[in-house]
Each structure stands twice: as structure tokens, then as C-alpha cells.
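Written out below as C-alpha cells is the structure these notes cover.
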Amino acid sequence: SAINCDCRLFATADKSTTKVYRALAAYFKSLGDISVGNLSTYDTKSLSEALTEGKFGRLTIDKNTVTAYSALGRLVMQAFTDGYRKQKIRDVIEAGNPSIQTLLGVFRTSIENLVMELDFEKERHFALSSELLMEKMTGFDKVNLAKNYYKQIDEISVKQLQLRTFSKGLQTIAEGHQKLFDNRNKIKLKEIRAILGEYSAELQDLVLDFK
């Protein structure tokens, strides 16, 4: 399900990113369940984990982010403990939009930071290869060194492209939810349900692409 994050994706990022992802996934899944009248008990264990304020590498979790995370977690749990009905779905969207925008922004920042880290990785490979080329070696060894260097650079570039696609996907979800919020009282419940399903699936697919 969308709540099951493949945390290998975040091996070089802070655990905070994983918590943010789980909160977002829980939100979209819970809204999808409510929209079809599924009020069964939802596993909120992942939402009970606190998000810590601070600077973690290149990722900064400020007070606003912590507040948004806590608010979204409370909203999801309240939706199930209070037995929200289909008609309440618009209320959840209204209450959740500020937190969704904040957390998707943090998630995107974390992904973009990974792209920057990979740029530094390219620079390190270049420096190492340049240093090795200064040493005495046969023409054959130089050719192999060059092949290995360009292979590593190509692999990193592919990973960066995937991450940029991920970031654009998150931006699409953020803009889509904002549009849903703006038009929540104009569109039918059936349409809302379909849109929420798309966002939940897209968020899950983006993560699964990095398995």
C-alpha cells in the first residue's frame, strides 16, 4: 500500500523525510477510504512518531514544518476516530491543505538536495580520475579508467533524472491538491474520490520507481 515506504530511497537523507512521506501517504489513503465510506480502523502508528525540529545535513525542519506534520497526523487520526462520513471529505481537504503544501514542499526540497549531493559526487569522481591520470599507467589502463569514469557519471546522471522527475511529480500533486481545495465546494464527491485516488497512486508510484 502507499503507506509502505521503501526507505532505501532515503538512505542518504534524514529519517525526517521518511516520516513526511508516511504522513502524506496516510493522508491521501485516509481520504480515499473516507470517500468510499470505509471507516475501518486505520493503522496510525507511523503518525504517532514525532518530527524533530532542526537542521539535518542539507535538510532543515523548522517549526512550521513540525506544526504542519503534527496537524496532518491529528487530522488523519481524528477523521477515523470521529467516524467522518463522505460528506465531511471537503472539511478534511480544507483543514489539510496548508499542511499538505508545507510537507510536499519539504519533501521536494529533500529530493532536490539529493540531486545536489550527486553533483558533488560527480565532482569527486572527476577529481579522482584526474589524479589517477597523472600517475604512470599504460594506454590500456587509461582507456579503462576513462570508460569507468564515464560509466559512473552516466549512472549518476540517470539517478538525477529520476530524482528530478520525482520532484516534478510532487509539485504536480501539490498544485493538484491546491486546485482541489479551491474547488472543493464546486465538484462532486465522485470526482473528488477519483482525484484523491490518482494522487495516492502517483505518490506511491514515485517512490516505488526507486526500489
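The values are calculated or read from the model by the stated rules, or taken from the named source; none is laboratory data. Everything quoted here is computed from the prediction, not taken from an experiment. Every residue, glycine among them, receives a Cβ derived from its backbone with ideal geometry; neighbour counts consider all protein chains shown. Each accessible area value is taken on the protein alone, full model and side chains, heavy atoms only, with ligands, DNA and RNA left out. Shrake-Rupley method; radii C 1.70, N 1.55, O 1.52, S 1.80 Å.
Inside segment 103-120, residues that are farther than 13 Å from SER16 by Cβ and open to solvent by 10 Å² or more (accessible area, probe 1.4 Å) make up a count of 10. Among the residues of segment 154-203, which ones are under 20 Å from ILE89 (Cα atoms), surrounded by fewer than 15 Cβ atoms within 10 Å (Cβ to Cβ) and of a type in the set (S, T, N, Q)? Scanning segment 154-203 gives GLN178, ASN183, ASN185.
Contact map, segment 122-134: residues that are open to solvent by 60 Å² or more (accessible area, probe 1.4 Å) paired with residues that are part of a helix (DSSP H, G or I), Cβ distance under 9 Å, separation 6+ or inter-chain. Pairs shown: PHE126/TYR149; PHE126/ILE153; LEU128/TYR149; LEU133/LYS142; LEU133/LEU145; LEU133/ALA146.
Going by what's in this entry, would LYS142 be described as surrounded by fewer than 15 Cβ atoms within 10 Å (Cβ to Cβ), within 20 Å of ILE34 (Cβ to Cβ) and either in contact with a helix residue (DSSP H, G or I) (Cβ under 6 Å, 6 or more places away or on another chain) or without any contact (Cβ under 8 Å) to a residue 12 or more places away in the chain (or both)? No; evaluated as a whole, the condition is false for this residue.
Residue-wise test of (1) more than 16 Å from the chain's Cα centre (by Cα); (2) closer than 24 Å to LEU163 by Cβ; (3) modelled with pLDDT of 75 or more.
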| position | (1), (2), (3) |
| --- | --- |
| PHE10 | no, yes, no |
| TYR21 | no, yes, yes |
| TYR27 | no, yes, yes |
| VAL36 | yes, no, no |
| THR65 | no, yes, yes |
| TYR84 | yes, no, no |
| GLN87 | yes, no, no |
| LEU104 | no, yes, yes |
